[in-house]
Amino acid sequence: MRGSVTAPDRTAGRRRTRATAGALATAALLFPLLGAAPSEARSTANGLQSAFASAAAEYQVPQSVLLGVSYLQSRWDTHGGAPSVTGGYGPMHLTDARTALAGVTPHHSEGSEDARGDSARPPLLPAAKPPRTSAVPARLRTLPKAAKLTGLSPRKLRTDPAANVAGGAALLADAQRELGEPLSSDPADWYGAVARFSGADDSATAAAYANDVYDVLRTGRERATDTGQRVVLAAQPKLSPRTAQLGRAGLRTLDAGGTECPRTVSCEWIPAPYKQFGEGDYGNHDLGDRPTSQDIDYIVVHDTEGAWEGVLTMVQDPAYVS
């Protein structure tokens, strides 16, 4: 979230505080990047490159598109089968948030330390409880969908790089079909499917992701992965994708509200309410009268450490004070 730090000359008035009634119902889906040593039994030098070629042929996805999406997702790394901080696995970053959360040990759960800092009582050692599947956004459970499309087990999709690449190819082909587009061999025809692969629910974010992928396709990439394999994506400098496909993707349009938003960033204006409660009391937000008062000195990028939906609810509550 972004906020402003204003100058000290605030409008007079006392701020009303209200304690939150309870903890957020949904935990933040942030996971530690579990350290994992590279596999001792490494594939042949061109194993991963061959996996991209095989998956592209099987699911009729241009190999360059598959490579470009994977590069943006993971730089073609596998992390030894460990999940990313958003529960993504393998070179295609297929997400399985419930499984990733199940392997997380909550803070204060190790040893005999009491979560309340009270040694006078028996220690309270909380146990991790993965959220219900329905509570996990679709963008954080793409791996189970890939398992249904490919017939491969979720475990194999998490741990086998070749299977993971096949799962990503299946998801791209599925997105292409949902858009009513043919499984074309021309990378320019896959812009909409690439945008859908991002998991974004708004057109601006999806377009930003797809544009980044096509920038990679135009310039090309070559690198050694975390398992020592060299993967190459040849440059296609004249590639011009069919961006109009995005209009048929069924994504919502963000209301930027006149914000000065950089072209490469998707912005959404979410107004914070101001309400007076009498006798000088008011809620969470001050009224501004710029440039006369309350100059903005800093822009703060804040980690909410909570679920996005819950944070928005609090911000839009005129009586809540953070």
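When the residues of the range 175-221 are narrowed to those that are among the charged types (D, E, K, R) and closer than 23 Å to P262 by Cα, which ends up surrounded by the most Cβ atoms within 10 Å (Cβ to Cβ)?
Going residue by residue through the range 175-221, those that are among the charged types (D, E, K, R) are 177-178, 181, 186, 189, 196, 201-202, 212, 215, 218, 221.
Going one step further and asking which of them are closer than 23 Å to P262 by Cα, we end up with 196, 201-202, 212, 215, 218.
On the way: R196: 24, D201: 14, D202: 15, D212: 16, D215: 12, R218: 16.
This residue is R196.
Does at least one position in the range 247-254 carry a residue that is outside any loop (DSSP other than H, G, I, E, B), of a type in the set (G, A, S), modelled with pLDDT under 95 and out of contact with any Asp or Glu (no Cβ under 8 Å at 6 or more places or on another chain)?
Yes, the conditions are met somewhere in the range 247-254.
Quick grid of which residues meet (1) within 24 Å of G88 (Cβ to Cβ); (2) out of contact with any Pro (no Cβ under 9 Å at 6 or more places or on another chain):
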position: A195; (1), (2): yes, yes
position: G228; (1), (2): yes, no
position: R242; (1), (2): no, yes
position: E279; (1), (2): no, yes
position: R290; (1), (2): no, yes
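Conditions: (1) exposed (fewer than 13 other Cβ atoms within 10 Å of the Cβ); (2) assigned by TED's automatic domain parsing to the domain that holds A162; (3) assigned to a loop (DSSP other than H, G, I, E, B); (4) under 26 Å from the mean Cα position of the chain (by Cα). W269 meets all but one. Number of the miss?
Every condition holds for W269 apart from (2).
Listed residues T253, T227; which is under 30 Å from D186 (Cα atoms) and of a type in the set (V, I, T)?
Being under 30 Å from D186 (Cα atoms) and of a type in the set (V, I, T) holds for just one of T253, T227, which is T253.
The values are calculated or read from the model by the stated rules, or taken from the named source; none is laboratory data. Note that this is a predicted model, so its numbers are computed, not measured. No Cβ is skipped: glycine too gets one built from the backbone with ideal geometry, and neighbour counts run over all protein chains shown.
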